[in-house]
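To start, the structure itself, in structure tokens.
The values are calculated or read from the model by the stated rules, or taken from the named source; none is laboratory data. Values in this document were obtained by computation on a predicted structure and should not be read as measured data. Note that we place each Cβ from the backbone using ideal geometry, even for glycine, and neighbour counts take in every protein chain shown. Note: accessible area is taken over every heavy atom of the protein model, side chains too, but ligands, DNA and RNA are not part of it. Shrake-Rupley method; radii C 1.70, N 1.55, O 1.52, S 1.80 Å.
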Amino acid sequence: MKRRILALALCLLLLLAGCGAEEVPPAAETPAAAETGTPAASAMPTTSPAPTAAHPSESFPYDYEEELADTEDFSLAVTALGVDRDDNWVVHLRLENRSAEIMSFRFLYQSINGLAIDEVLTYRVAVGGTLEPSFRILRDEMAAWGFDRPVQWSFTLKVSSAEDPDREPVFFDELSASPFGEKEALRYEFVPGPLDALVLDNELAAVYITGWELEDGGLSIEYVAVSRCGEPLLLVLPEGELLLDGGAYPAELKDSFGAYATLMGYIPVPGWAEDSRPQTVELTLALADPSEWGDPLIEDTEESSVVSAH
């Protein structure tokens, strides 16, 4: 089965450097990917120190630094936006743990310029420690979506005790960084084509079926989900199946995306053995709160739709 359609390749190369910190590489898959078995874009951490202005592989043409969170327990800042020798952007961070225990920093439901990223970054920072990681945003991937710069990086930051993960987090909120100023923070707008089918439409989100492809041992139904709200959402198939030409097939969908982000993904449907596409697909979609245990459905979001082949 093909991998998820990623809006952008974030963190394909990761550079870690810290002082007094316990370092953990970014997770290689999101919670949705872990549950469905869908592979996510893998991170490839290195042990190289984060580049400085004098480092030959990176330059710093932009005068940018932004503090994103500052509390008695921790702080988070973007310290620099660099450009590597392949002309990709490098975002440098500083994570500071001011608490009396090891803290876990998780960057959830990320998006670049409003395009959802299928990545979760996770770091552990020791008591009194500071960690300075960095990640790349690939220029070619940006250009493929019509952008010449990463004007907004948005995410949900969860900061919690690494020693007692069941305790309530000390911080769980939406944050964003605007390297070129908030006035430049334009977001991707999906424009449906004449053959795209609207299958869910309410005040929280709109979901379109945009195509389907035959795969070895099954079928991939491609979709685009557009968030209309300021909270992260989880798109699910609550009944665990759909109908292809009237026949029931098992299918699983649990894909999360951030506030006002556009997610491009697909629904894997194993068991379709025909050598042609189905004529109709009938499915029920619902939205859930990804931050709640058990993924409880949000009331009044369930919809059922029949889509013709195209």
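Observations on the structure shown:
- Residue 186 in a loop (DSSP other than H, G, I, E, B), aliphatic (A, V, I, L, M) and touching a residue at least 40 places away in the same chain (Cβ under 8 Å): yes
- If you check 185, 225, 251 for being touching a Gly at 6+ places or on another chain (Cβ under 8 Å), within 30 Å of residue 91 (Cα to Cα) and hydrophobic (A, V, I, L, M, F, W, C), only one passes: 225.
- Any hit, region 269-283, residues being within 30 Å of residue 186 (Cβ to Cβ) and of a type in the set (Asp, Glu): no
- Residues of region 247-279 that turn out to be open to solvent by 30 Å² or more (accessible area, probe 1.4 Å), in a loop (DSSP other than H, G, I, E, B) and touching a Pro at 6+ places or on another chain (Cβ under 9 Å), as a count: 2
- Those residues of region 226-266 which are farther than 30 Å from residue 176 by Cβ and of a type in the set (Phe, Trp, Tyr), in sequence order: 249
- Residues located in region 200-210, provided they are within 23 Å of residue 230 (Cβ to Cβ), in contact (Cβ under 8 Å) with a residue 60 or more places away in the chain and of a type outside the set (D, E, K, R): 200, 202, 204, 205, 207
- Among the candidates 144, 162, the residue that is in contact (Cβ under 8 Å) with a residue 12 or more places away in the chain and among the hydrophobic types (A, V, I, L, M, F, W, C) is uniquely 162.
- Residue match in region 88-103 (condition: surrounded by 22 or more Cβ atoms within 10 Å (Cβ to Cβ), touching a residue at least 12 places away in the same chain (Cβ under 8 Å) and within 15 Å of the chain's Cα centre (by Cα)): no
- Taking region 230-246 as the range and being open to solvent by 20 Å² or more (accessible area, probe 1.4 Å), within 20 Å of residue 296 (Cα to Cα) and either of a type in the set (A, V, I, L, M) or in a loop (DSSP other than H, G, I, E, B) (or both) as the test, the residues that pass are 230, 231, 238, 239, 240.
- One residue alone among 301, 284 is open to solvent by less than 40 Å² (accessible area, probe 1.4 Å), in a loop (DSSP other than H, G, I, E, B) and over 22 Å from residue 155 (Cα atoms), and that residue is 301.
- Evaluating residue 84 against the criteria (1) under 19 Å from residue 290 (Cβ atoms); (2) open to solvent by less than 20 Å² (accessible area, probe 1.4 Å); (3) not aliphatic (A, V, I, L, M) leaves one unmet condition, (1).
- Region 259-303, subset within 29 Å of residue 216 (Cβ to Cβ) and of a type in the set (Ser, Thr, Tyr), residue farthest from the chain's Cα centre (by Cα): 276
- Test: residue in region 134-154 that is open to solvent by 10 Å² or more (accessible area, probe 1.4 Å) and more than 26 Å from residue 189 (Cβ to Cβ): no
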